[in-house]
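The values are calculated or read from the model by the stated rules, or taken from the named source; none is laboratory data. None of these values were measured; they are calculated from a predicted model. When we count neighbours, we look across all protein chains shown, and the Cβ atoms used for this are built from the backbone with ideal geometry, even at glycine.
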Amino acid sequence: MMQRRVFTNDIGAAAAFMLAKITKHTPFVRPTSPWKSRSHGCKNFAPQIACTHCATRLLFLRGFTHQFALLPRYTHQMQERRKTRQVIVGDDRVGRVKIGGDAPVSVQTMNAGFTYDIDACVAEINRYADAGADMVRVAVPERKDTEALRHILPQVKVPIVADVHFHYQRALEAVEAGVHKIRLNPGNISDRDQVLKVIDACKERKIPIRIGVNEGSIIERRDKQRRAEELGMYFQGHKSGHLLALMIAKLEEYLEIFAERDFYDVVISAKSMDATLCIDAYTEISKRFDHPLHLGVTHAGPKSTGTIRSTIALGTLLANGIGDTIRLSYASDHIDEVKDGLEILYCLGRRERKGAEMIACPTCGRIQVDLFTLVKEVEAKLAKEVSLPIKVAVMGCIVNGPGEAEGADVAVFAGDRRGIIYVQGQKVANVPEEEILDRLLLECTNFQAKVRRGEAKLGEKSVEIVPPDPIGELGSGVDKIRKGLVDKITIGGR
């Protein structure tokens, strides 16, 4: 059975975790005996919080389970990547991207424009490539789109995937044009003979295929009761069990056709707009198949909601070691799909960061500089001028400023229209607000140059930051604020 993570509104949970910290236990929530809820009659669990090492019971809670799989227990460590076959996409000119195996998790996006508009298509693809996309998918609904591929492929910087629906001939034409990868949808290309023709063409040219199942393309979902009975009882307790079962069944049926030709250069996906269904689908698929997985939440919505849905689903799966390539789907500029996808991988340690890592405070009533504008300007400049993973902190006041200055390679914290700049924990400047941007960027580029020359190391402090005097008398000033003797600490022009 799938692991169930327990959610509860009982404030005792917080007390239990505090108790665990005091007693040096490592807590996690686990379900114990089932019980019957009088309110709605469903079968739930009465969980307890216990120690992962000695199983000491810390607190007993009454809660309920959501019907989806998440992290089996709290841990600060990422789960190891699951072992998969490796698929290689690309050629000598654009390079080869490895998917699965021991390869880093790759990031994809899809062109929003018409493929037959050759110049615009090339420009859009290369824009995504410059932002960090490892490969780009293009739609080929008509013959003029596959014909355009012959002119597009020699001009792009990354491998191209032809997205094929309904017409298997488009796949054959794309293969003939030299495309690097094919995506087929079992929901609308299901004829066995047609699929075999595509497999044979791809096998001859060593072109991988993604089997991309989408919730919205499964016609059989309307006959959910009969299909659920055919596929067994396992998924019937899930809120979308019939869809989950159908998506997996579609993959199994399709993979049987591929096995007939001994074709295993296959990537698989099972997307839904429901983040929890995606989590469950990919979790179950990862147990059944050893093919690399393409993660994504389909038609996730505008960036505001798409970011949240995608991060919940992809972040959970990646943290559990599931996923070999990802695509976020936004109804907005697809450049954000690339940037956000990379940031998810950076945050989870699934990919080595390229470019600066920026930290900034959200501001509050203590702010004394225009931090929002400063952050935007610093972010834009860093993207152009810094290629090493330098950690840069832009803080608006003294609450977290000194600590972040110590934790960052280059940092500024501000107050009273001034900013104090640190490099490797060492104070290097105290400048007026209008000079903060230029001086901060200068210190970032100088530090980057030192790292490249071997004169400095990322994350290494030359001194331990001591915060008594860069902001007036910082130590005594904080005490005065706490005692209500002054309203704010003012940076002197030192």
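For region 170-200, what are the residues that are surrounded by fewer than 21 Cβ atoms within 10 Å (Cβ to Cβ), in contact with a Leu (Cβ under 7 Å, 6 or more places away or on another chain) and closer than 27 Å to ILE248 by Cβ?
Matches in region 170-200: LYS197 only.
Considering only residues that are closer than 19 Å to HIS294 by Cβ and either touching a residue at least 60 places away in the same chain (Cβ under 8 Å) or part of a loop (DSSP other than H, G, I, E, B) (or both), which ones fall in region 340-368?
GLY341, LEU342, LEU345, LEU348, ARG350, ARG351
Kindly indicate which of SER387, SER310, SER332 is more than 22 Å from VAL87 (Cβ to Cβ), of a type in the set (S, T, N, Q) and either outside the structural domain of SER269 (by TED's automatic domain parsing) or at pLDDT below 90 (or both).
The conditions single out SER387.
So, in region 299-319, how many residues would count as being in contact (Cβ under 8 Å) with a residue 40 or more places away in the chain and out of contact with any helix residue (DSSP H, G or I) (no Cβ under 7 Å at 6 or more places or on another chain)?
The number of residues fulfilling the criteria is 1.
Which residue is nearest to the chain's Cα centre (by Cα), if the candidates are limited to region 313-339 and must be in a helix (DSSP H, G or I) and small (Gly, Ala, Ser)?
Among those residues, the one meeting the criterion is GLY315.
Hey, among the residues in region 368-415 that are touching a helix residue (DSSP H, G or I) at 6+ places or on another chain (Cβ under 9 Å) and among the acidic types (Asp, Glu), which one's farthest from PRO432 (Cα to Cα)?
Within region 368-415, the match that is farthest from PRO432 (Cα to Cα) is GLU385.
Counting just the residues of region 347-387 that are surrounded by fewer than 17 Cβ atoms within 10 Å (Cβ to Cβ) and small (Gly, Ala, Ser), which one comes out nearest to LYS450 (Cα to Cα)?
Selected residue: SER387.
Can you report the number of residues in region 413-463 which are touching a Phe, Trp or Tyr at 6+ places or on another chain (Cβ under 7 Å) and more than 22 Å from GLY365 (Cα to Cα)?
Total satisfying the criteria: 3.
Residues in region 242-261: is at least one among the β-branched types (Val, Ile, Thr) and either at pLDDT 90 or above or on the phi > 0 side of the Ramachandran plot (or both)?
yes
With respect to ILE390, determine if the residue is surrounded by 22 or more Cβ atoms within 10 Å (Cβ to Cβ) and within 12 Å of LEU440 (Cα to Cα).
It is false that ILE390 is surrounded by 22 or more Cβ atoms within 10 Å (Cβ to Cβ) and within 12 Å of LEU440 (Cα to Cα).
Among the strands (runs of 3 or more DSSP E) confined wholly to region 67-182, which include 1 or more residues that are under 19 Å from the mean Cα position of the chain (by Cα)?
Output list reads 95-100, 106-110, 135-139.
If you go through region 136-153 one residue at a time, do you hit one that is buried (at least 16 other Cβ atoms within 10 Å of the Cβ) and of a type in the set (S, T, N, Q)?
There is at least one residue in region 136-153 that is buried (at least 16 other Cβ atoms within 10 Å of the Cβ) and of a type in the set (S, T, N, Q).
Got a number for residues in region 369-400 being part of a helix (DSSP H, G or I), in contact with a Cys (Cβ under 8 Å, 6 or more places away or on another chain) and in contact (Cβ under 8 Å) with a residue 60 or more places away in the chain?
2
Hey, GLU343 hits all of (1) out of contact with any Ser or Thr (no Cβ under 8 Å at 6 or more places or on another chain); (2) assigned by TED's automatic domain parsing to the domain that holds ILE420 but one; which does it fall short on?
All conditions are met except number (2).
Of the residues that sit in region 404-413 and are surrounded by 24 or more Cβ atoms within 10 Å (Cβ to Cβ) and without any contact (Cβ under 8 Å) to a residue 60 or more places away in the chain, which one is farthest from GLY459 (Cα to Cα)?
Only one residue fits best here, namely PHE413.
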